[in-house]
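Student: This is the structure I have questions about; it appears just below.
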Amino acid sequence: MTEPFYITTAISYPNGRPHIGHAYEAIATDAIARYQRLKGRDVFFMTGTDEHGLKMVQTARGRGLDPRALADEMSGYFKEMDDALGISYDRFIRTTDPDHYAACTAIWKAMEANGDIYLGRYEGWYSVRDEAFYDEKELIAQPDGTKLSPQGTPVEWTVEETWFFRLSAYQQRLLDLYESQPDFIRPDARRNEMISFVSGGLADLSISRTSFDWGVPVPDSPGHVMYVWVDALTNYLTGAGYPDFTGRPHWPADVHIIGKDIVRFHTVYWPAFLMSAGLPLPRQVFGHGFLLNRGEKMSKSVGNVVDPLQMAQLYGVDQLRYFLLREVSFGQDGSYSHEAIVNRANAELANSFGNLAQRVLSMIFKNLGGELPAAGDAEEDRDLLAKVHAACAVELPREFDQFAFSSGIEIWLHAVFACNQYVDAQAPWTLRKTDPDRMKAVLGTLFLCIRDLAIAISPIVPASAGKMLDLMGIPARERDLVALADAGWYDRLRDDAFRLGAPAPIFPRLEFPEDANAGR
């Protein structure tokens, strides 16, 4: 059996339509999932929507809707976004799914059986926007006397009967986890934040609400619904089949990809819940940075929230995917602008890789009738093939294994540049008249390189790489990292008498749209 790999995004809270930040997380997680499939892993990739909680109740009330009707509508927008962006999820989970209710009930009963749940009364600060409880010491006092959460969101004093989870009992076990598994939280800045937070002491956590009823009912406790984060975090277990893992080899999850603003929930509350329930912990939680619009955090009040589908329509899905993963060092905050997207896509996709493929494949079609020539065996041919193979089969994977997309793409791009330099130096358009046999050797060498480059970059620009490999006659079963080590693929393709058809540009140049700033 192939080795399983389970990866998730955070499930999105659908009290509003998706924005480019949601798209960024989905695209990055999809690139990891696709890369792991290239390695031959049995990938299970889950995303979805987190549909319970007070925010949904308030938003639905403001629109005159039932919360379920709002959830159905808004969840549809997130699924539409994922489908439009080529997100290769295996399940789009909704926390209103029946099997999720069963999983939540099972983990609650397991924590209860362990003696970690007790009935009490909560009095304290709560942020509706964050769906989070905060200690007084965490709040930020404002000049007008009000208080804000660490995220800058309003808080309100809340008093209600509640079930508590004995989070305080897990302080040392969590610190031991962080020490024994340094990669449990990445990047290091997030790990250091959580070590500091937990070291400062943990209070028991309120895990039920009685002030509204839109949520998963607490078993044997009428009037109580589960705190939305107990509900939301359990989705990762639901996707793996919990409470019955029979025939489902994917728990524990290999990595949760989440935004840095919800690291606490995933690296403090979540492992404590799992420890209490006697379940294995996820292997890693990666908290990525924020995506900024021209250096500013996106905000409805500022008016700079951008619709990702509009962006994809303006520039193309793969161009948007490429830009976001090339421009931003994953784990850090990053900025984007319409000009930057156009410039990056044109310079690197259209001019460098796209033009390379178009020139080479066109020459094979026009000058050789589409018949594939043998690769060259001169020193410069072998050097180029070795350089491209090392970049695609060794160096890029080394970076992608660490989620270092930007660095991996940089390595790939240097291999593209090497191919273009080789084209310019060999000048096959001149060789066509002076040395036709050498022209064939040059074009054959470049065909091999383009195939490797297309496979390597396919997790980032899957549709475009797929079109290129289709054009080149590369079977779907031969488009993974194992195939890059297959020395006989080109001979088989030539023996099958494959003929290259007339190529169409895969990466057309983009123009800066006049109305681009309308989405700022």
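Only the coordinates and a few stated rules stand behind these numbers; no lab work does. Predicted model only: the values in this text are computed from it and were never measured. Cβ: placed from backbone, ideal geometry, glycine included. Neighbour counts: every protein chain shown.
Student: Calculate I(q)/I(0) for the stretch 4-289 by the Debye formula, one identical point scatterer on each C-alpha and no solvent, and give its log10 at q = 0.06, 0.07, 0.14 Å⁻¹ to two decimals.
Tutor: After summing over all Cα pairs, the log10 values are -0.18, -0.24, -1.08.
Student: Holding the Cα-Cα limit at 22 Å, pick out from LYS109/LYS260; LYS366/LYS467; LYS39/LYS260; LYS440/LYS467; LYS55/LYS109 the pairs that are longer than that. Present the calculation step by step, with values, prior to reporting the outcome.
Tutor: On the way: LYS109/LYS260 30 Å; LYS366/LYS467 20 Å; LYS39/LYS260 28 Å; LYS440/LYS467 24 Å; LYS55/LYS109 26 Å.
Going by Cα-Cα distance, LYS109/LYS260; LYS39/LYS260; LYS440/LYS467; LYS55/LYS109 fall outside the 22 Å limit.
Student: Please work out which option in (1) 23, 58, 18, 1; (2) 19, 52, 28, 1; (3) 21, 48, 24, 7, 0 gives P(r) over Cα pairs in 20 Å bins from 0, in percent calculated from these coordinates, and answer with its label.
Tutor: The value matching this structure is (3).
Student: Show me 170-183, 215-228 ranked by packing, highest mean number of other Cβ atoms within 10 Å first. Provide the component values of the computation, followed by the final result.
Tutor: On the way: 170-183: 14.4, 215-228: 19.0.
Most protected by this proxy first, the peptides run 215-228, 170-183.
Student: What are the ³J(HN,Hα) values, in whole Hz, obtained from phi via the Karplus relation 6.51 cos²θ - 1.76 cosθ + 1.60 with θ = phi - 60°, for each residue of the stretch 178-192 in sequence order, with x given for Gly and Pro?
Tutor: Working through the residues one at a time gives 5, 6, 6, 10, x, 8, 4, 10, 10, x, 4, 4, 5, 4, 5 Hz.
Student: Could you sort 434-442, 62-70, 341-349 so that the peptide with the highest average Cβ count within 10 Å comes first and the rest follow in order? Show your work: numbers first, answer last.
Tutor: Details: 434-442: 17.7, 62-70: 14.0, 341-349: 20.1.
Ranked by mean Cβ neighbours within 10 Å, highest first: 341-349, 434-442, 62-70.
Student: State the answer as a single residue: which of VAL360, ILE341, ILE409 lies farthest towards the positive end of the charge dipole of the stretch 337-495, with beta carbon charges of +1 for Lys and Arg and -1 for Asp and Glu, about the Cα centre.
Tutor: Towards the positive end, the residue furthest out is VAL360.
Student: What size of dipole, in debye to the nearest 20, comes out for the stretch 1-142 about its Cα centre when the only charges are +1 on Lys and Arg C-beta atoms and -1 on Asp and Glu C-beta atoms?
Tutor: Details: 16 positive and 23 negative charges, 47 e Å.
Rounded to the nearest 20 debye, it is 220 debye.
Student: Something else about it: Could you please rank PHE44, PHE405, placing first whichever residue has the fewest other Cβ atoms within 10 Å of its Cβ?
Tutor: Working: PHE44 22, PHE405 26.
Final ranking by Cβ density, sparse to dense: PHE44, PHE405.
Student: Compute the long axis of helix 67-84 from its Cα atoms, compare it with the longest principal axis of the Cα atoms of the chain, and write down the angle in degrees, 0 to 90, nearest 10.
Tutor: It works out to around 20 degrees.
Student: Given +1 on the Cβ of Lys and Arg, -1 on the Cβ of Asp and Glu, and no further charges, what dipole in debye does the stretch 278-412 carry about its Cα centre, rounded to the nearest 20? Walk me through the intermediate numbers first.
Tutor: Details: 12 positive and 17 negative charges, 113 e Å.
With Lys and Arg at +1 and Asp and Glu at -1, about 540 debye.
Student: Continuing with this model, one more query. I need SER75, SER168 ordered by Cβ neighbour count within 10 Å, fewest first.
Tutor: Details: SER75 22, SER168 13.
Taking fewest neighbouring Cβ atoms as first place, the list is SER168, SER75.
Student: Let me ask something additional. Rounded to the nearest 5, what % of DSSP beta bridges with both residues in the stretch 54-200 are antiparallel?
Tutor: On the way: 16 of 16 bridges.
Counting DSSP beta bridges with both partners in the stretch 54-200, the antiparallel share is about 100 percent.
Student: Something else now. Projecting each Cα onto the charge dipole of the chain (Lys/Arg +1, Asp/Glu -1 at the beta carbon, about the Cα centre), which of VAL128, ALA69, GLN426 comes out farthest on the positive side?
Tutor: Result: GLN426.
Student: Suppose each label sits 7 Å from its Cα in the direction of the beta carbon; what would the ASP244-LYS366 distance come out to in nanometres?
Tutor: Spacing of the two 7 Å Cα→Cβ label points: 6.4 nm.
Student: Which chymotrypsin sites (Phe, Trp or Tyr not before Pro) in the stretch 428-520 pass both tests, a DSSP loop state and at most 16 other beta-carbon atoms within 10 Å? Show your work: numbers first, answer last.
Tutor: Numbers: sites: TRP429, PHE447, TRP489, TYR490, PHE498; in loops: PHE498.
Counting only loop positions with at most 16 other Cβ atoms within 10 Å, the chymotrypsin sites (Phe, Trp or Tyr not before Pro) in the stretch 428-520 are PHE498.
Student: Once amide H atoms are placed 1.01 Å from N in the peptide plane, what residues at a sequence separation of 5 or more from TRP163, or on another chain, have their amide H within under 5 Å of its amide H?
Tutor: For TRP163, the qualifying residues are GLY120, ILE207, SER208.
Student: Only Lys, Arg, Asp and Glu count, each charged at its Cβ (+1, +1, -1, -1), so figure out the dipole size of the chain about its Cα centre, rounded to 20 debye. Don't skip to the answer; put the middle values down first.
Tutor: Numbers: 51 positive and 70 negative charges, 168 e Å.
Charge dipole, the chain, about its Cα centre: 800 debye, nearest 20.
Student: Helix 379-390: angle to the longest alpha-carbon principal axis of the chain, degrees 0 to 90, nearest 10?
Tutor: Approximately 10 degrees, to the nearest 10.
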